[in-house]
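Asker: Dropping a structure here in structure tokens format, bear with me for questions.
Computed from the coordinates by the stated procedures, all read-outs in this text should not be read as laboratory data. All figures in this text were calculated on a predicted structure; none of them were measured in a lab. FYI the Cβ positions are ideal-geometry reconstructions off the backbone, even for glycines, and counts take in every protein chain you see.
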Amino acid sequence: MHVRISRRNRPDMSAGLAQALTRLEARTGFRLTEPQKVIPDGLTFTAWCERLAAEGLKVDGKPFRLDNRPAMRWLYDQIPTTKAEAFSHTLILMKCAQVGFTIMEILAAIYLGIKHGPCTVGMFLPDMNLAAVKSSERFMPIVRSMPKVHGLMTQDAADGTGRKAGEGNVTRRRLAEALFVFSWTSGRATTESIPMDVLNFDEVQEMTLAQMEKTMERMSGSDVRFALMGSTANWPELDIHFHYLGGTRHRFHTECPTCGAAKPLDEYFPACIEWDAEALHPLTKRPGSYRYVCEAGHRIDDPQRGQWIPENPEAWNISAHFHQMLSPTISPDDIMRKYTDSTDKKNFYNRVLGKPYLDPTQIPVNLGHMRACVEAGKAAGVRWKRGARGTFMGIDQMGAFNVVHIKERLPDGRQAYVHIEEIYGEDPFKRTSELMEQYGVSVCVVEHLPNFNDALRFANRHPGRVFLCNGFDQLRDDMVKWGDAPKLDTSERRTDDEMRTRYTVRADQFKTMQTFFARLTAPIPICLWPDPNELQQEVRDEGVKTIQSPAMRAWVHFTKTALVVEKDEETNQYKRKVAKVGIDPHHSYAAQLCDVAWARAHGTATFIIPETGSDTEDLRAAAAERGMPGLPTHVAAMLSLPPGEVCGRCTSFPVDDEGNPLPRGPCGLTGAIVQAADPGCFQFVEAAEF
Ligand SMILES: [Zn+2]
């Protein structure tokens with residue numbers, strides 16, 4: 001039988017001595033370990049870490065060393081030495097997995113904390129459990145392996161007589177005059193507003209921008225104000241990549257010893273690794289191994305020979321990308337094995353190359369799109385309004401919380417946001433009814449669950465204007481099906497819900513979300529936004545009240561909403577679904593329902609090709625007149641068009657008051673006189689999608 005002694009439980013002799021010394025100090029009042037002796041003035045972080053290495057610092061049982069990691073050593077050099085260098089800077093690391101960044105983050109936190117004491121260092125993680133793990137499983141073992149630093153550890157005495165030797169508790173550790181607070185950005189922990197001097201954010205992909213900004217505000221009174229932000233890469237333009245893009249974007253350019261060409265290896269991966277039949281494999285010692293090569297094919301033995309070059313040198317904050325090929329302990333064979341073995345491409349890109357990855361169609365909206373929608377809104381004079389007429393409303397309801405989006409139609413046919421509101425309280429539908437009147441809402445669509453009765457009561461207060469969305473099925477052909485439309489097929493069974501109100505609608509969630517997103521991401525935005533900062537309200541996050549822009553919150557939700565097409569392994573069928581990335585994107589749902597409301601007034605008939613038997617009498621009659629029974633006029637007109645991107649298939653093609661296409665007329669976007677068969681311009685947006 002094996003007796004396993006975990007590393008954690010192994011007795012640590014040197015730490016025991018340090019504790020004994022601290023106890024001695026506490027009793028005698030004499031200090032043996034002075035913080036300034038642990039980190040003298042002027043000693044840089046790198047020099048301190050190298051001193052620790054020389055003194056035998058061990059990490060996970062192995063000696064800590066930097067001498068074989070020149071690429072990473074440069075990152076250590078970016079930790080500021082003085083308060084002036086630190087002030088108001090953030091160091092952003094977009095990293096791969098398993099190359100020891102946690103060590104650097106913890107050492108940096110300790111260095112900055114002790115050096116600038118009295119100093120409060122916030123160690124922020126996405127949730128409580130991760131914070132506890134970082135404190136107990138990462139921070140403490142490192143501190144215990146540095147006897148001089150461990151000797152500075154104190155905690156508050158239980159009897160209130162001051163501080164005594166001790167390791168503190170899991171959320172609070174004290175080293176000399178530095179207090180380390182292990183906290184998390186989600187939930188109630190954010191209600192504490194302890195001022196802080198240094199912040200460390202770990203795994204930022206689980207944090208929202210708003211949470212991070214709020215946490216950064218804790219440093220506003222500090223004269224250190226330094227933040228270190230690190231995360232494995234995740235989605236492009238989101239999370240750590242978003243912060244990385246705003247910084248200097250330093251990348252390590254590996255130099256070829258033969259031709260002198262220098263380039264980041266990840267830029268031409270997998271071509272940066274070649275099979276060499278002659279070379280001895282590092283482990284098996286048999287011929288045949290992978291090698292790093294330059295683009296000309298010359299062998300590169302040391303991928304860490306080269307230099308860090310910024311793509312955006314003017315930026316205030318330093319950001320850097322670090323991939324596993326820069327690690328001295330990971331060979332090109334390891335990289336290729338991970339590459340060829342990986343079934344999940346995203347995982348390989350994120351964790352090995354340290355690069356963001358996303359099937360680009362999955363998260364259609366980024367903040368750049370939203371900025372373009374605001375620019376277009378500015379050009380068109382779009383503003384938030386206190387009142388309006390003939391608008392459209394979408395509501396996502398959660399119980400004591402409604403998210404409401406209101407849009408109006410511009411004369412050129414595009415959409416403009418006029419109001420967004422998050423409504424909290426016992427009866428959010430009361431306030432929602434006020435908004436119905438204030439904004440003269442013509443059509444409103446509300447999700448019928450979770451509070452069906454509240455939604456029904458609300459609908460009955462505004463008969464014929466409010467529709468309950470009672471299904472998010474994948475509709476076979478339609479995007480939207482209205483419950484009040486006379487049904488020709490009487491054999492179709494109505495559910496109980498439909499018996500209680502005839503004003504219902506079913507929407508294909510994927511198609512309607514896709515439509516809404518297409519309106520935001522079109523080369524010329526179809527859905528215009530006023531300046532998000534000009535609308536502010538009190539919002540609540542898990543009970544915490546703050547003043548924020550509901551529009552900015554909506555943007556975050558849009559960027560956390562993915563459109564995913566997945567193959568069902570059992571049936572081999574592709575399934576389309578709207579997926580949430582990390583958070584519940586209530587604003588995306590409200591916006592989507594607002595577009596369903598919009599569809600009732602504008603364009604329903606132009607994008608729905610009705611199923612036989614579910615058409616309305618009117619449309620049937622109109623289509624029959626054109627000699628195409630079963631098809632509405634607009635559809636019949638579209639079918640007669642040449643294929644491809646022609647003006648007649650575009651959302652901006654001029655129509656008459658009934659929505660029928662004109663033979664020729666001014667384009668809704670450019671104003672140019674167009675005919676249905678004209679080739680589409682670069683602003684073409686297919687009407688069938690709308
Ligand atoms: Zn070369």
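Asker: Packing-wise, with mean Cβ within 10 Å as the measure, how do 310-316, 452-458, 645-651 rank, highest first?
Answerer: 645-651, 452-458, 310-316
Asker: Using Cα-Cα distances under 8 Å and only pairs 6 or more residues apart, what relative contact order does the range 355-443 have, in percent? Don't skip to the answer; put the middle values down first.
Answerer: Working: 112 pairs, mean separation 25.7, N = 89.
About 29 percent, as a whole number.
Asker: In nm, to one decimal, how far is the Gln307 label point from the Gln675 one, both placed 7 Å along Cα→Cβ?
Answerer: Placing both labels 7 Å along Cα→Cβ, they lie 6.3 nm apart.
Asker: Next question, about the same structure. If the limit is 22 Å between Cα atoms, which of Lys285/Lys346; Lys385/Lys407; Lys345/Lys560 go over it?
Answerer: Details: Lys285/Lys346 32 Å; Lys385/Lys407 10 Å; Lys345/Lys560 20 Å.
Cα-Cα > 22 Å for Lys285/Lys346; rest within.
Asker: Still on this model: So for the range 367-602: antiparallel DSSP bridges make up what percent, rounded to the nearest 5?
Answerer: Once the DSSP bridges in the range 367-602 are tallied, antiparallel ones form about 70 percent.
Asker: Check Thr120: other-chain or 5+ apart residues with amide H under 5 Å from its amide H, H built from backbone geometry?
Answerer: For Thr120, whose amide H was placed from the backbone, the distant partners under 5 Å are Leu179, Asp197, Val198.
Asker: Could I ask something else about it? Starting from the Cα of Glu314, step 7 Å along the direction of its Cβ; do the same at Glu274; then give the gap between the two resulting points in nm.
Answerer: 3.9 nm
Asker: Still on this model: Indicate the gyration tensor shape class of the range 212-274 (rounded, prolate or oblate), computed on the Cα atoms with a ≥ b ≥ c the square roots of the eigenvalues: a/c under 1.5 is rounded; otherwise a/b larger than b/c is prolate and the rest oblate.
Answerer: prolate
Asker: Given a cut-off of under 8 Å on Cα pairs at least six residues apart, what relative contact order in percent is computed for the range 212-293?
Answerer: Relative contact order of the range 212-293: 14 percent.
Asker: So which of Lys214/Lys481; Lys62/Lys338; Lys263/Lys580; Lys95/Lys545; Lys263/Lys511 end up more than 31 Å apart by C-alpha? Can you show the working numbers first?
Answerer: Numbers: Lys214/Lys481 42 Å; Lys62/Lys338 24 Å; Lys263/Lys580 36 Å; Lys95/Lys545 34 Å; Lys263/Lys511 42 Å.
Beyond 31 Å between Cα atoms: Lys214/Lys481; Lys263/Lys580; Lys95/Lys545; Lys263/Lys511.
Asker: Using the Cβ atoms and a cut-off under 10 Å, what net charge is assigned to the surroundings of Met146, where Lys and Arg are +1 and Asp and Glu are -1?
Answerer: Its environment carries a net charge of +2.
Asker: Here is a follow-up. Gln397: net charge of surrounding residues, Cβ under 9 Å, Lys/Arg +1, Asp/Glu -1, itself excluded?
Answerer: -3
Asker: For a quick check: with amide H placed at 1.01 Å from N, whose amide H comes under 5 Å from Leu563's, ignoring anything fewer than 5 positions away on the same chain?
Answerer: Answer set, sorted by chain and number: Ile363, Ala579.
Asker: Sticking with this structure for a sec: In sequence order, what are the phi-derived ³J(HN,Hα) couplings for the range 423-437 according to the Karplus relation 6.51 cos²θ - 1.76 cosθ + 1.60 with θ = phi - 60°, rounded to whole Hz, with x for glycine and proline?
Answerer: 10, 10, x, 4, 10, x, 6, 5, 5, 4, 5, 4, 5, 3, 7
Asker: Next question, about the same structure. List, in order, the whole-Hz ³J(HN,Hα) value for each residue of the range 387-404 obtained from phi through the Karplus relation with A = 6.51, B = -1.76, C = 1.60 and θ = phi - 60°; use x for Gly and Pro.
Answerer: Values, residue by residue: x, 6, 9, x, 9, 10, 10, x, 10, 9, 10, 10, x, 6, 7, 10, 10, 10 Hz.
Asker: To the nearest 20 debye, what is the magnitude of the charge dipole of the range 15-245 about its Cα centre, counting +1 on the Cβ of each Lys and Arg and -1 on the Cβ of each Asp and Glu?
Answerer: 800 debye
Asker: What does DSSP give for the range 15-245 in terms of the percent of beta bridges that are antiparallel, rounded to the nearest 5?
Answerer: Around 35 percent antiparallel, to the nearest 5.
Asker: In terms of modelled amide H atoms, which long-range or inter-chain residues lie less than 5 Å from the amide H of His281?
Answerer: Result for His281 returns Arg286, Gly288.
Asker: For the range 513-525, in order, what is each residue's ³J(HN,Hα) by Karplus, 6.51 cos²θ - 1.76 cosθ + 1.60 with θ = phi - 60°, in whole Hz (x at glycine and Pro)?
Answerer: 5, 4, 5, 4, 5, 4, 5, 7, 9, 4, x, 10, x
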